[in-house]
Amino acid sequence: MDTESTYSGYSYYSGRSRGSHRHGERSRDRHKTRSKDSRSEKSVTINTPPAEPLLGDSAVRGEQVQDDNWGETTTAVTGTSEHSLSQEDIVRITKDLEDSVGLDCRRYFTLALAVILGLLVFLTPLAFLVLPHLLWPEKLQSCGTACEGLFISVAFKLLILLLAVWALFFRPRRAGLPRVFVFRALLAVLVLLFVVSYWLFYGVRILDSQDENYQGIVQYAVSLVDALLFIHYLAIVLLELRQLQPCFSVCVTRSTDGEIRHYNLGQLSIQRAALAILEHYYCDFPVSNPALLSASKSRAAKHLAGLKVYNVDGPGNNAAAGLVHSQSRAMIAAAARRRDTSHNELYYEEAEHERRVRKRKARLVVAVEEAFTHIKRMQEEEQKKAPGDVMDPREAAQAIFPSMARALQKYLRTTKQQHCHSMESIQQHLAFCITNNMTPKAFLESYLTPGPTLQYSRDHWRARQWTLISEASVTSGLKDGSVFLLRCVDFSLVVTTKKIPYIQMSEEYIDPKSHKFVLRLQSETSV
Amino acid sequence: MSFVPGQPLTAVVQRIQIQKLRQGENLILGFSIGGGIDQDPGQNPFSDDKTDKGIYVTRITPGGPANAAGLRMGDKLMQVNGWDMTMVTHDQARKRLTKKNEDVVRLLVTRKSLEEAVKQSMGCFPRQ
């Protein structure tokens, strides 16, 4: 019984590998339905859970704990495809949630606070200057030359402050972070306290006593504007300059396919570091392609697939945990003893795939080069002669696209990239290349290697809503050895930090005249 | 003893066999060598051609095995136990002579007096 299922598993596996590579895979749904062929996976009660189950498999396994009859899996397979569709639905819903009211509330609240604070800051010096004229104009000393010079100084300093605040703070929002930005909050509180204390002093010492020395009042207003400029300097240092010097080297690993990148970051809080890493992610990491991971998952599932565990003592005999432990240990031991030839299959399968990809690529390159020879750019003098069939780039692309469409589609299917590129996008890219006089090789480069996520349209990103998972508080600073996760729906980025070491350098002076050479003397050795 | 690069070297050689003497845990031969392709040939007092980078005997310990075997100061070593000594570094020559598992070295040495002796003997006894 056991050997039977083992053999059938192998034969069906090899059949599946030949079949799947011959016919290609049209979509994610079709790919999921193919998993029904490896039916030996479905009929095993596996206790060691796989690392990351396929979207469909988890549902199927849950339903079939005791089911040995694989013939009935066909009905469950449609449940699989429904699951994968509903997962897409969830993603679409979360995309819509981004524009929902709840998140905007917080944004508008902070925006309102910032506007109020800004207005307070700018109107305060003007108020200091204008109020004496309004409240006790007859008692006020007239403004002399030095005083009027101070007016100019106040005006220009306010203008500079306005421009500086606009440059630093009025930039389009990059992201919505989970916690408040600590430095900005501290600065806002500092400015508020500062302005309030100035108002207090002004209210008590000047308004109440109705001071006549207008020059003193103007100097007071000038000192306020000076101090505001210094606070702005502090804001620049805290918000912009402090994190420029690289302090940490972070290693970012994508959990699904192991892509690793290293970045240098300065002293940042964890949420700001996560933001910087995500902005690099969109530019550096090749787009996440789940179709490429299916092979290793099916291999992992097959490792334990050939074994069946029977509970001969009957259910309810041992405690559940003990039963689980003994069963998993038995399976691991059996798997270790079994002669495993899956490495052999992997080797030949990969060699075969490599060969197939190269063949398709060769056909594609030839087809594209031939297609590009069918059109040529019309010169200026030919345009005046007005020949018959003149096309704009889009029509030219549509004219030559059919001759290369088949080869391109086959190549994309072989490298499992067909869902990243729609026909419309390919024709658009072709029109773009024709307009800019690109060679066929330049046109093909974007299809031969997967580019960074930003290059693809938004539907294919699979990385929109990010969750920051961290043991330390996200507003605390990066430290040596801190680890946090950035999770989106399909995969997660694991980030580890290491501190850049302190470098101790010493100097040694070499006198240029000290470079002297002699011939080697005859050495004598006694033997 | 001068040589033309690229042409085979002809020399009159004498075969000398030296039995190594055990002194403590070393096997010594009782002479000193100088020269080698990594050394400065212009400082060799024994060579005729100051571009000759061969291995020369620079000192003989009186009463040592080399002296007893007939080695003389100024001899040029051509072969040691079959290994060529005309194009070796100083260190390679030292190693060839001081192999611990050999207690006999068979040298082929040449000196100017040998050539003259051969010429004289050829001149004294002209062919009939």
_Suppose each label sits 7 Å from its Cα in the direction of the beta carbon; what would the A:ARG107-A:SER209 distance come out to in nanometres?_
5.0 nm
*Please report the base-10 log of the normalised intensity I(q)/I(0) for chain B, using a Debye sum with one equal scatterer per alpha carbon and no solvent, at each q in 0.20, 0.23 (1/Å).*
-1.18, -1.46
*Where in the stretch B:31-67 does the label zone of B:SER113 land, with the point 7 angstrom along Cα→C-beta and an amide N cut-off under 18 Å?*
B:31-32, B:45-48, B:56-67
*Difference of contour (0.36 nm per residue) and Cα-Cα distance, A:ILE332 to A:GLU370*: 8.1 nm
*Express the Stokes-Einstein translational diffusion coefficient of the stretch A:110-262 in µm² s⁻¹, to the nearest whole number, given a Kirkwood radius over alpha-carbon pairs, 25 °C and a viscosity of 0.890 mPa s.*
133 µm²/s
*What accessible area per residue, rounded to a whole number of Å², is obtained for the stretch A:411-527 using a probe radius of 1.4 Å?*
66 Å²
*Lys pairs under 21 Å by Cα in the stretch B:11-114, provided they are eight or more residues apart or on distinct chains*: 12
*Keeping all protein chains in place, calculate the accessible area per residue for the stretch B:11-114 (probe 1.4 angstrom), answer in Å².*
50 Å²
*Would you work out what percent of the accessible area of the stretch B:11-114, with all protein chains in place, is carbon or sulfur (probe 1.4 Å)?*
49 percent
*Only counting protein heavy atoms at a 1.4 Å probe, give the residues of the stretch A:481-527, ordered by number, whose accessible area falls by 20 Å² or more when the other protein chains are present relative to the chain alone.*
A:LEU519, A:ARG520, A:LEU521, A:GLN522, A:SER523, A:GLU524, A:THR525, A:SER526, A:VAL527
*Starting from the amide H of B:ILE37, placed 1.01 Å from N in the peptide plane, find each other amide H under 5 Å away whose residue is 5 or more places distant or on another chain.*
B:VAL88, B:THR89, B:HIS90
*Under a plain spin-label model, where a point goes 7 Å from the Cα along Cα-to-Cβ, how far apart in nm are A:MET423 and A:SER476?*
5.6 nm
*Can you pull out the buried accessible area for chains A and B, both sides counted, probe 1.4 Å, rounded to the nearest 100 Å²?*
1200 Å²
*Could you work out the helix-only [θ] at 222 nm for chain B, with each DSSP H run of four or more residues adding -39,500 (n - 2.57) and the total divided by the number of residues, to the nearest 500 deg cm²/dmol?*
-5500 deg cm²/dmol
*Using θ = phi - 60° and Karplus 6.51 cos²θ - 1.76 cosθ + 1.60, couplings along the stretch A:511-517 (whole Hz; Gly, Pro as x)*: 6, x, 7, 7, 8, 10, 10
*Report, by chain and number, residues whose modeled amide H sits under 5 Å from the one on A:PHE484, excluding near sequence neighbours (fewer than 5 apart, same chain).*
A:VAL495
*Alpha-carbon centroid distance for the pair the stretch A:223-252 / the stretch B:61-93, whole angstrom*: 79 Å
*Extending each Cα 7 Å along its Cβ direction at A:ARG356 and B:ASP49, get the distance between those two points in nm, one decimal.*
7.2 nm
_How big is the dipole moment of the stretch B:11-114 about its Cα centre under a simple scheme where the beta carbon of each Lys and Arg is +1, that of each Asp and Glu is -1, and everything else is neutral? Debye, nearest 20, please._
300 debye
*Charge context of A:SER470, other residues only, Cβ under 13 angstrom, K/R +1, D/E -1*: +3
*Using Cα atoms only, what is the angle between the long axis of helix B:112-124 and the major principal axis of chain B, expressed in degrees (0 to 90) to the nearest 10?*
40 degrees
*With a 1.4 Å probe and every protein chain left in place, tell me how much accessible area A:TYR347 has, in Å² to the nearest 10.*
140 Å²
*Sort out for me the Cα centre separation of the stretch A:112-176 from the stretch A:393-417, rounded to whole Å.*
62 Å
*Quick one: plug the Kirkwood hydrodynamic radius of the stretch A:394-501 (C-alpha pairs) into Stokes-Einstein at 20 °C, 1.002 mPa s, and report D in µm²/s.*
125 µm²/s
*Kindly identify residues of the stretch B:19-46 having a loss of at least 50 Å² in accessible area between the isolated chain and the assembly of all protein chains, probe radius 1.4 Å.*
B:GLN39, B:ASP40, B:GLN43
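The values are calculated or read from the model by the stated rules, or taken from the named source; none is laboratory data. Keep in mind it's a predicted model, so treat the numbers as computed, not measured. Note that we place each Cβ from the backbone using ideal geometry, even for glycine, and neighbour counts take in every protein chain shown. Surface areas here come from the heavy atoms of the whole protein model, side chains and all, with no ligands, DNA or RNA. Shrake-Rupley method; radii C 1.70, N 1.55, O 1.52, S 1.80 Å.
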